[in-house]
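The values are calculated or read from the model by the stated rules, or taken from the named source; none is laboratory data. Computed from a prediction, not measured in an experiment: that's the story for all the values here. Don't worry about glycine lacking a Cβ; one is built from the backbone with ideal geometry, like all the others, and counts go over all protein chains shown.
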Amino acid sequence: MKLFFFDESNTLIDIEKLESLKIITFDHKSHILLKNKQIEHQISDEFLDEQISKEITKRNYQLIQWYNLDLIKEKLTFHEVNIPKLFTDEFTSSLLKILKKVVEIQNILKKYPNIEIITSNELYDITKIFSTSIFKIEKNHNEKFYFDEINTSFTIANKKFDFKISNKKYQKLKQILENIFSVINRNKNDQIKNFTLILELNTEQFKNFLIESKNKEMSISYYGRRRPAIWNKNTFNIIRKSNCNIISKSKIIEQNHEIEVEKNTKKYLKIINEIVEEQILENYFNIFDICIWSIVKKKIKELMEPRLKLVIEEIILGENLLKKNKPKTIIMISEAGRSEQIISTLAKKYDDIDILHLQEGAHCDTQEAFENTFSQGVYPILADKYIVWGDTYKQDAIKVGKIEKSKIEVLGSPRFENLKFEQNQNHEEYVLLATMPPQIEEMGGLNVKNLENYKKSIIRICEIVTNMNKKMKIKLHPAVEILDLPNLIKNKFSGIEVIYQGDINPLIRNCSELIVTGISTVIIQGQILKKPVISIPLIEYYWGEPSVYKSKSCIISKIEELDSILNKLTNDLEFRKNMIKNADVYLKSCITNKESSSEKLWEYIKSRE
């Protein structure tokens, strides 16, 4: 017997002529391919237990902070910006997949010693650590990283079209739109002093905050290298009404820009190739005393080298921005994004620039979830102040985030100001399901059985609701496309509308019950609109019990309990009223200044000038 290690780089052709073969798949895509063809195989996850999986996740969160090594900070810092740290979003899930495969292959070969293995690409490199009885199949395969493709949409005659484009094409399209707006708004002068820089905020979500700036006579400029300020008529009007200046690439680019970018790209490419040969990295990258640097080195080069030029350019543009138009205040909602990291790091060189980090959304506010929330930029690192929604999140910042009290201000959330219950707009036409994606930076989110259960659970929820003769709509998170849920749902349930993008609030207003597959800001939105919320955690991440669960303000349910809960919410009006009443109580501790947070925030900014 031979073992074939099969992953998404392989095809059926690779195995069709081989005999006496035991196949082990290493990802969801390859498992589905063989399952659909009824080809017998085993899943690599079966060679890991729960405790080992937890330890792998924990080790991954440690290793992704390789950018803190003295060698990295000394050699790969450009204008004081740590270059490898800018790739953390992409590197996190990619490194976790490597760690998972390493431990799985070690355990597989313990069970099947002295056996010949056939495989390709990364699996071949990993297997080489443990065995010499290995045959390599040559395959071309490059991993797609975060932000290589952008999900976007446009509307023609009230029909919405969703599509993907490369990040490079997206940036070109975004630049064209920004230039058009600059022409339309040509009388608007660039800000030169005492203005507030809005960094990568969602224009629609922060509509009141942007428009209120004009009422408070505050000058604002928008800088979004990842997120455009304008993408439809509504956002165009918001930017115009707020008198907001958009800082596009064309406004801050220097005459010798391309030369400087090319020169520094070559410089740092050379440094990267020198650094990856350093012994300290070989010693650093290990799991359970297994050195994995030979595999990680390839992944780092594959990730950083093709994208280094873009990163160098972003740092140069950020430096130009702060030199040409130095703001008094910078406002951002995360410190994990590339733009946010660059601008906040560069801004720290100026003593008179105030950096405010606004709480972006609801998160799992438990100690057990800290590593995950920290990696996603929930808590401030470089910001001078952390602006939270309410006392619940202040306590979270202090206890879990270990943020000093003096750095925290409770001012509410501008994104919820326009979100309020209106009886004449409240309808109960259907059950709404809002899906949260599997967390691919956690082992639980990579586990094939978990992903299969996730998919089956979504289908089961659809069955339960339709069997109750209730109408249903589903707001899918774009990240669940790997499970092919849209086609599966449409084929099985012709009466269920599947929605991919757009504002979820109008959908919530018109629903009778809101079902959410885990922890999400959508829970808060549903509670504000006085909808009973049912949370069904589909994947166990061992994050403990967040405050929204402890408060009993939403119903935590298992799939098999859903029909009885929906029936009770429909037929027991007292039970329904109590759920909404509990949510109202929780919201008071969760969000302060519900209808005046924009005003309070601008007053606070003015007070710090």
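Table: residues versus (1) aromatic (F, W, Y); (2) under 30 Å from T592 (Cβ atoms); (3) surrounded by 18 or more Cβ atoms within 10 Å (Cβ to Cβ); (4) free of Cβ contacts under 8 Å to residues at least 24 places away in the same chain.
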site: G502; (1), (2), (3), (4): no, yes, no, no
site: L507; (1), (2), (3), (4): no, yes, yes, no
site: E513; (1), (2), (3), (4): no, yes, yes, no
site: V533; (1), (2), (3), (4): no, yes, yes, no
site: L538; (1), (2), (3), (4): no, no, yes, no
site: Y542; (1), (2), (3), (4): yes, no, no, no
site: P546; (1), (2), (3), (4): no, yes, yes, no
site: I555; (1), (2), (3), (4): no, yes, yes, no
site: D572; (1), (2), (3), (4): no, no, no, yes
Quiz prompt | Residues satisfying the stated conditions in region 543-582, i.e. touching a helix residue (DSSP H, G or I) at 6+ places or on another chain (Cβ under 6 Å), within 24 Å of V400 (Cα to Cα) and part of a loop (DSSP other than H, G, I, E, B) | solution = W543, G544, S551, K552, S553, C554
Quiz prompt | Residues that are buried (at least 18 other Cβ atoms within 10 Å of the Cβ), closer than 15 Å to G444 by Cβ and out of contact with any Pro (no Cβ under 6 Å at 6 or more places or on another chain), drawn from region 360-370 | solution = A369
Exercise. Please name all residue pairs, on different chains or six or more residues apart, with Cβ atoms under 6 Å, provided the first residue is in region 99-117 and is under 13 Å from S44 (Cα atoms) and the second residue is at pLDDT below 95 and of a type in the set (D, E).
Key: none
Exercise. Would you kindly identify the strands (runs of 3 or more DSSP E) lying entirely within region 121-216 that contain at least 2 residues that are at pLDDT 70 or above and outside the structural domain of I287 (by TED's automatic domain parsing)?
Key: 134-136, 196-199
Quiz item: What tally of residues in region 585-606 results from selecting those that are touching a Leu at 6+ places or on another chain (Cβ under 8 Å) and in a helix (DSSP H, G or I)?
Solution: 5
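One line per residue, one yes/no per condition, for (1) surrounded by 17 or more Cβ atoms within 10 Å (Cβ to Cβ); (2) under 27 Å from the mean Cα position of the chain (by Cα); (3) at pLDDT 95 or above:
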position: N10; (1), (2), (3): yes, no, no
position: F26; (1), (2), (3): yes, yes, yes
position: Q42; (1), (2), (3): no, no, yes
position: S53; (1), (2), (3): yes, yes, yes
position: T57; (1), (2), (3): yes, yes, yes
position: N60; (1), (2), (3): yes, yes, yes
position: L86; (1), (2), (3): yes, yes, yes
Quiz item: Among the helices (runs of 4 or more DSSP H) contained in region 271-343, which hold 1 or more residues that are within 30 Å of L358 (Cα to Cα)?
Solution: 293-304, 308-324
Self-check item: When residues of region 28-55 are limited to those that are touching a strand residue (DSSP E or B) at 6+ places or on another chain (Cβ under 9 Å) and part of a loop (DSSP other than H, G, I, E, B), the one nearest to S94 (Cα to Cα)
Solution: H41
